[in-house]
1. I need the full set of residues from the stretch 36-55 which are of a type outside the set (Lys, Arg), part of a strand (DSSP E or B) and surrounded by 15 or more Cβ atoms within 10 Å (Cβ to Cβ), in order please.
2. Quick check on the stretch 12-29. Is at least one of its residues touching a His at 6+ places or on another chain (Cβ under 8 Å) and either surrounded by fewer than 12 Cβ atoms within 10 Å (Cβ to Cβ) or modelled with pLDDT of 85 or more (or both)?
Amino acid sequence: MTTTPSLMATDLPGAAWRKSSYSGGNEGQCIEAADVRPSHHGIAIRDSKNPAGPALLLPAGAFSTFITAAATGEL
């Protein structure tokens, strides 16, 4: 088994984080995503309530699959 090093949002300087257009005002259940393919070869996701906290890095194809599954109610 391989171990993936922890990634923090602060490890992604210059990332342009975007909140989902479906996120409401201050409901507290928001994630943000940043396209970091040029520097980290993927799409990063973080909790908007903890912007300096952990980030999840997904290959672009996996992120696309995740978005499709969420949009169609598969999750």
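The values are calculated or read from the model by the stated rules, or taken from the named source; none is laboratory data. On a predicted model such as this, the values are computed, not experimentally measured, just so you know. As a convention, Cβ positions derive from the backbone with ideal geometry for all residues, glycine included, and neighbour counts pool all protein chains shown.
1. At the first step, the residues of the stretch 36-55 found to be of a type outside the set (Lys, Arg) are 36, 38-45, 47-48, 50-55.
This time we only want the ones that are part of a strand (DSSP E or B), so: 43-45, 47, 54-55.
Within the stretch 36-55, 43, 44, 45, 47, 55 meet the criteria.
2. From the stretch 12-29, those touching a His at 6+ places or on another chain (Cβ under 8 Å) are 12; that's our starting set.
Within this subset, residues satisfying the condition of being either surrounded by fewer than 12 Cβ atoms within 10 Å (Cβ to Cβ) or modelled with pLDDT of 85 or more (or both) are 12.
Yes.
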